[in-house]
Amino acid sequence: QVQLVESGGGLVQPGGSLRLSCAASGSIFSINAMGWYRQAPGKQRDLVAISTTGGSTNYADSVKGRFTVSRDNAKNTVYLQMNSLKPEDTAVYYCSAVDKEFQRYWGQGTQVTVSS
């Protein structure tokens with residue numbers, strides 16, 4: 001089992017920045033990929049960015065060039081640096097981890113609101 005705890009959400013003006021953090025605990029040796037998804041009201045949960053243990057990353061087209069996902073393996077933590085935020089980035093952001101058995105784990109979610 002893997003437990004994920006997110007932090008760093010909040011209210012920010014358009015054009016501003018936020019950094020989300022997600023700390024993993026439990027069977028961390030089994031984690032293959034970690035990343036972030038988001039879900040806006042009335043919409044499905046979509047991939048934002050993901051980072052594999054091998055170092056590769058993948059981003060949704062809507063955030064390329066603005067968001068950066070990174071991992072600190074020593075701290076078992078994944079980060080999402082979000083710059084040039086737009087109102088359409090408003091959503092609940094969920095940390096996700098996938099282990100070597102392809103079991104997916106979710107954090108509790110953190111609200112990001114972009115509004116003036």
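The values are calculated or read from the model by the stated rules, or taken from the named source; none is laboratory data. In this text the structure is predicted, and so the values were computed from the model without any measurement. Neighbour counts run over all protein chains shown; Cβ positions are idealised from the backbone, glycine included. SASA here: full protein model, heavy atoms, side chains in, ligands and nucleic acids out. Shrake-Rupley method; radii C 1.70, N 1.55, O 1.52, S 1.80 Å.
Below are the figures for this structure:
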| item | result |
| --- | --- |
| Fluctuation leader among Q44, Q103, Q13 - the chain, Gaussian network, Cα springs under 10 angstrom | Q44 |
| Average Cα contact separation per residue, region 1-54, under 8 Å, 6 or more apart, as relative contact order % | 29 percent |
| Packing-based ranking, highest mean first, of 20-30, 52-62 given that Cβ atoms within 10 Å are counted | 20-30, 52-62 |
| L11, L80, ranked by accessible area, largest first (probe 1.4 Å) | L11, L80 |
| Placed amide H near S51: partners under 5 Å, 5+ positions off or other chain | M34, G35 |
| The chain: relative contact order in percent, alpha carbon pairs under 8 Å with at least 6 residues between | 37 percent |
| Inter-probe distance in nm under a simple model that places probes 7 Å from Cα toward Cβ, at T52 and K86 | 2.8 nm |
| Potential extension, Q108-T68 segment - 0.36 nm per residue separation minus Cα distance | 12.3 nm |
| Simple Cβ-charge dipole of the chain, Lys/Arg +1 and Asp/Glu -1, about Cα centre, in debye nearest 20 | 100 debye |
